[in-house]
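Below is one structure; the comments refer to it alone.
The values are calculated or read from the model by the stated rules, or taken from the named source; none is laboratory data. These figures come from a predicted structure and were not determined experimentally. Every residue, glycine among them, receives a Cβ derived from its backbone with ideal geometry; neighbour counts consider all protein chains shown. When the accessible area is computed, the model is the full protein with side chains, heavy atoms only, and any ligands, DNA or RNA have been set aside. Shrake-Rupley method; radii C 1.70, N 1.55, O 1.52, S 1.80 Å.
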Amino acid sequence: RFGAVVADEAHRAKDPRSKQTRALWAASGDTDIRYALTGTPIANNVTELWSILHWLDSREWPSKTKWIDRFVDTMLNAFGALLVLGVKPHMSSEFYAGIHPHMRRMPKELVLPFLPPITYKSRDVEMTAKQRKAYLQMRDSLVADLDGEILTAASPLTATTRLLQLASSFANIEVDESGEMRVLLAEPSCKIDAFIDDLPDFGSDSVAVMAVSRQLIDLLSARLTKMKIPHGLITGAVDQDERQRHIDDFQNGKTR
């Protein structure tokens, strides 16, 4: 029996059905003193908070279904999957009144005072000629010529997605065996060109690069590989073991 239990990285127990969550609940036994430590108690939607709350006090949060029914706005999408819209506006006061007595938020400035302040800087990058031509065609007529392949957009939402892609790089069209069309980012890319131009400014410092598109990250990886610059990837296509190896290599200075 433990006198107290501290669950570090508690967001890893956000799914009450997972073996990891069940192991935490079982190992904690009837311990009265419990601390859940996490920087991201909610990663995707508010329902992920219940599992942590249930572990903290199963008497106060006994049922996930009833908790969701009372506090959370949900709906079903066209395929019957549950969509979480957020906390019900008229229940927000009760929702937070139940959570706040159990939560202590520690700001970064207090926990990590040695870190320098974050500096934000926006930079506009000119598209390459190929990008710009395809971008303007898509913007004006919802149709773009990609080296002889025709890219179309059936709705404003699709057009916006295509414009975001073309603003990052040129693109090619791939059609699979079922006839499904897929847009693949390709060189030239104004954003990758700009990053490569900036790379010498960092000197020997390590650099972490984020992007909203995995394809853009893969495109940059291909460019870095061609330039023989050591680097690692953390994307949805990389398994957990390889991710950790890339993190370790980055922190140990083996990759830039």
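Observations on the model:
- Leading residue by the ranking (surrounded by the fewest Cβ atoms within 10 Å (Cβ to Cβ)) among those in segment 232-256 that are without any contact (Cβ under 8 Å) to a residue 24 or more places away in the chain and touching a helix residue (DSSP H, G or I) at 6+ places or on another chain (Cβ under 8 Å): Gly236
- For the residues Lys121, Lys133, the requirement of being over 16 Å from Arg182 (Cα atoms) and more than 28 Å from the chain's Cα centre (by Cα) singles out Lys133.
- Taken as a whole, the condition of being closer than 20 Å to Ile229 by Cβ, in a strand (DSSP E or B) and of a type outside the set (Gly, Ala, Ser) applies to Leu185.
- Filter result for the condition that a residue is open to solvent by less than 50 Å² (accessible area, probe 1.4 Å) and either in contact with a helix residue (DSSP H, G or I) (Cβ under 9 Å, 6 or more places away or on another chain) or closer than 30 Å to His246 by Cα (or both), over Ser204, Ser169, Ser155: Ser169
- Qualifying residue in segment 61-83 (condition: more than 27 Å from the chain's Cα centre (by Cα) and under 16 Å from Ile42 (Cβ atoms)): yes
- Wholly within segment 69-182, helices (runs of 4 or more DSSP H) carrying at least 3 residues that are touching a strand residue (DSSP E or B) at 6+ places or on another chain (Cβ under 6 Å) and modelled with pLDDT of 90 or more: 129-141
- Qualifying residue in segment 157-177 (condition: under 25 Å from Lys130 (Cβ atoms) and in contact with an Asp or Glu (Cβ under 6 Å, 6 or more places away or on another chain)): yes
- Looking only at segment 188-235, and only at residues there that are of a type in the set (Ser, Thr, Tyr) and assigned to a helix (DSSP H, G or I), the one that is farthest from Ala171 (Cα to Cα): Thr225
- Residue list for segment 1-33, restricted to those being in a strand (DSSP E or B) and either surrounded by fewer than 17 Cβ atoms within 10 Å (Cβ to Cβ) or β-branched (Val, Ile, Thr) (or both): Ala4, Val5, Val6, Ile33
- Flag for Val183 being over 19 Å from the mean Cα position of the chain (by Cα), open to solvent by less than 30 Å² (accessible area, probe 1.4 Å) and among the aliphatic types (A, V, I, L, M): yes
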